[in-house]
Each structure stands twice: as C-alpha cells, then as structure tokens.
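S.K.: Have a look at this one.
The values are calculated or read from the model by the stated rules, or taken from the named source; none is laboratory data. Here the structure is a predicted model, which is why all the values come from computation and not from measurement. Cβ sites come from the backbone with ideal geometry, for glycine too, and all protein chains shown count toward neighbours. The protein model used for the area step is the full one, side chains on, heavy atoms only, and it has no ligands, DNA or RNA in it. Shrake-Rupley method; radii C 1.70, N 1.55, O 1.52, S 1.80 Å.
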Amino acid sequence: MTAALPLHQDFSLKHFNTFGIDAKAAFYLPVSDDDMLDAVRRDPDLSRMPRLVLGGGSNLLLTGDVSGLVLHMSTRGIAVVGEDERFIYVRAAAGENWHQFVLWTLAHGLGGLENLSLIPGSVGAAPIQNIGAYGVETKDSFHSLTAFDFTTGERLTLSAEDCRFAYRDSVFKHELRDRAVILDVTFALPRQWHPNLHYADVAQELSARDITTPDARQVSDAVIAIRTRKLPDPALIGNVGSFFKNPVVPREQRDALLARHPTMVSYAQPDGSFKLAAGWLIDQCGWKGRTLGAAGVYEKQALVLVNRGGAKGADVVALAKAIQADVMSRFSVRLEPEPVFI
Ligand code: EPU
C-alpha cells in the first residue's frame, strides 16, 4: 500500500457519525488534500476496496462495521471566486463544516444561505441530499461543484442540472453514488438579497423579536433559535435530524386521508401532489418520546430518531421498521428513510 497515506486500521467511527454509533472501519483515511484520492485510486490494494466517503457523518446510519475504506473528507478552504452583475460566487472545500460556512458568508455580508443555518454536516455532503430547511434548498443558490471520478480518475464539473436535484435527493444518491467524490462546491449568492420568510415558523420568530425588515443575519439567528428549540444537538444526543422524508402522495390519497383525519398536516406541491408531514403521522401513531431497545423518538419532534445511549445500527433499524409498519397500517403511507444506510 502507498506508504505516505495516513491510513488507520480497525478505526472506530463513533465520533465521526452524529448518531454516535460505535462501528469500526477496516481502513480509515482522513483526506486533507484532494490529490490523496488520486493516490488511493492508483494504489492496487486500496483501489479494490469498497469505499465509503464520509463528510460530517450527519446523514448516515452505520448498520454494522465497514469492511472497506472510509475516506473522511477534511479539506478546508472558503473563497470568493468570482462575481457578475447579479451574483457573488463563493467556493468551499468539501470538508468545511456547513454551518461554519454559512456563518462565513453572513460575516462577509452575503445572504442566501441563512435559512440553512445550523444544519449539521459538511459542505461536500450538502448537495448529496440537497439539504433544505425553512423553504430553502441547496439547489436554490447552488452554482456548480467539482467531483473526483473514481472510475476515470478525472475531475468533473457538474452544474445544477447535472446534479438532478430533487427533494432530499440528487444524482449522488443514484448513478454517481459509489463513483464520484465531491471536492468543492460553488454557490451563487445574490447581490440583491431578499429574505425567504414563507415558512410560518421563521416569520413568527422574527415578529416575536419585533423585526419587520430582517437582514440575513437576523434570519439566521431566528432559524438557529427555532432549530435549537425543536431539534436535539447531536453533540449531546446522537441523531441525524429528520430520519424520514416527508412523503409525497397524489391529491386523491391526501383528500381521502384528510377526510378521515381533518387535522392532518399537508403541503401542496407545484405538480399537484401533496407532501405530508411525516412527523405528524408518526406523532399520531403515539411514537413521540418512546424508546425501543437503545433507540428512541425525540420528545419534541417525532421525525427525529435518537440514540438513547450505546445504540447499535440494528436498534435504530428495528425502531424505524416499527414506525414504518405503524404508519403504513394506520395511514397506508410508506415512509422512506432520509439517511443513507451503510
Ligand atoms: N409535527 C407534529 N408532531 C411532531 C413533529 C411535527 O405534529 O412530532 C407537525 C408540526 O406541527 C408541523 C409539521 O408536522 O405542522 C411539520 O413539522 P416541522 O415544521 O417541524 O417540519 P418537518 O416536516 O418535521 C422539515 C424538514 C427539516 C426542516 C424543517 C423546516 C424533512 C424530512 N424535514 O421537517 O429538515 O428543518 O422541515 O424546514 O423534510 C432534516 O432534513 O434533517 C431536517 C431537520
């Protein structure tokens, strides 16, 4: 194997996944320089191993030990790389912490990412599931990204269209899943910024603070306050944020459900379908605050599964299956997990 690479063997990933699951990687490599990926690809042993690319570890569930090579992106760097009449272009390395990056843009007077404040994870992971919150998604200010193609060894530049962004989804969860490693992401942040206050929680939080014309930093502060109230801090309680996606159903199904459950929460989608609030469905099934094995459902938000201490991936899987079964039998709705199962 390539001697110069700082490889670790039998390495615990407990502190590198926000669920805090104590699974081991057969081989672990912190990637502090993009060129290390070329070295991995050229190495006859490492190149044959199954690979797991790790960012902030906030969107994956380790269901057991990882038999191959974990590539932990830890590259750093944020810079303004261009501007035109409408946008300032900012590029960040994949290993940068997402929230710290958002704070960097705000400190430089740039708005656009404030609704995505305090989302755990790394910059490189943000496009993979098109992270979103409070009416904004990564795709809304995404410009392009660079990725390393393990199949060809080339650097690819992908546009928003190439990434095929959808709700908590992109090409990186499909065709490029085991092939591309995101190296850096460039965002186009508007010169003419307007707040996105369509989400009621954000508007309410600002009005409670007597703010009528917020700047981007004030929106960020409001989002941070809301998230801190509703979501567990992964540094204190292991979790991956929302564990399920909000299911999208046809209008007829939503109407039939609403007739039977008049308080059901749903949101109209541009294509005429409806997104249901998975948290509401799970809550109605009585799961909020419950525990099964060493995994549980967060007391303040039923969409978040938590590690009650020493949970194994199997505990979380068992809990998730029990919840899915209850929601299916009560509402005939299939809940799809948001994190990637490894
Ligand atoms: N609800 C309940 N009971 C619960 C939880 C929620 O009845 O235990 C109801 C709420 O009252 C509300 C509705 O469900 O009417 C939606 O809840 P909330 O506004 O908290 O948002 P969410 O649908 O649970 C989504 C995202 C979050 C994002 C928030 C805000 C998904 C899967 N989740 O959550 O994203 O922060 O909206 O935009 O789309 C994440 O992906 O990890 C994440 C935290």
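S.K.: Rounded to the nearest 5, what is the percent of antiparallel bridges among the DSSP beta bridges in the chain?
M.R.: The antiparallel proportion sits near 80 percent.
S.K.: Per Stokes-Einstein, at 10 °C and 1.306 mPa s, what whole-number D in µm² s⁻¹ belongs to region 283-342, with the Kirkwood radius over Cα pairs as the hydrodynamic radius?
M.R.: 136 µm²/s
S.K.: How large is the helix-only mean residue ellipticity at 222 nm for the chain, computed as the sum of -39500 (n - 2.57) over DSSP H runs with n ≥ 4, divided by its residue count, in deg cm²/dmol to the nearest 500?
M.R.: It comes out at -7000 deg cm²/dmol, rounded to the nearest 500.
S.K.: Here's a follow-up. Among R155, R76, R251, which one shows the biggest mean-square fluctuation in a GNM of the chain, springs joining Cα atoms closer than 10 Å?
M.R.: Among R155, R76, R251, the largest mean-square fluctuation in the Gaussian network model of the chain belongs to R251.
S.K.: Show log10 I(q)/I(0) for the chain at q = 0.10, 0.13, 0.15 Å⁻¹, two decimals, from a solvent-free Debye sum over equal Cα scatterers.
M.R.: Evaluating at q = 0.10, 0.13, 0.15 Å⁻¹ gives log10 I(q)/I(0) of -0.64, -1.08, -1.38.
S.K.: Further, regarding this structure: Using a probe of 1.4 angstrom, how much of the accessible area of the chain is carbon and sulfur, in percent?
M.R.: Ligands and nucleic acids excluded, carbon and sulfur give 50 percent.
S.K.: Whole-Å semi-axes of region 202-281's equivalent ellipsoid, largest first, each the root of 5 times a Cα gyration tensor eigenvalue?
M.R.: Working from the Cα gyration tensor, I get semi-axes of 30, 19, 11 Å.
S.K.: What net charge do the residues around A160 carry, taking every other residue with its C-beta under 14 Å from that of A160, with Lys and Arg at +1 and Asp and Glu at -1?
M.R.: -3
S.K.: Given the peptides 50-57, 157-164, 262-269, 122-129, arrange them by the average over their residues of other C-beta atoms within 10 Å, most packed first.
M.R.: Highest mean packing first, the order is 122-129, 50-57, 157-164, 262-269.
S.K.: How many times 2.2 N^0.38 Å is the alpha carbon radius of gyration of region 134-175?
M.R.: This ratio for region 134-175 stands at 1.26.
S.K.: Evaluated at 20 °C with a viscosity of 1.002 mPa s, what Stokes-Einstein diffusion coefficient in µm²/s does region 1-112 have when Rh comes from the Kirkwood expression over alpha-carbon pairs?
M.R.: The Stokes-Einstein estimate is 136 µm²/s.
S.K.: Here's a follow-up. Given all pairs of different Cα atoms, what value in angstroms does the Kirkwood hydrodynamic radius of region 204-342 take?
M.R.: That comes to 16.5 Å for region 204-342.
S.K.: If you don't mind, there's one more thing I want to ask. Between region 277-342 and region 49-117, what is the C-alpha centre distance in whole Å?
M.R.: Result: 27 Å between the Cα centres.
S.K.: Just to confirm, what accessible area per residue do you get for the chain at 1.4 Å probe, in whole Å²?
M.R.: On a per-residue basis, 46 Å².
S.K.: What share of the DSSP beta bridges in region 5-151 is antiparallel, in percent to the nearest 5?
M.R.: Here the share of antiparallel DSSP bridges comes out near 55 percent.
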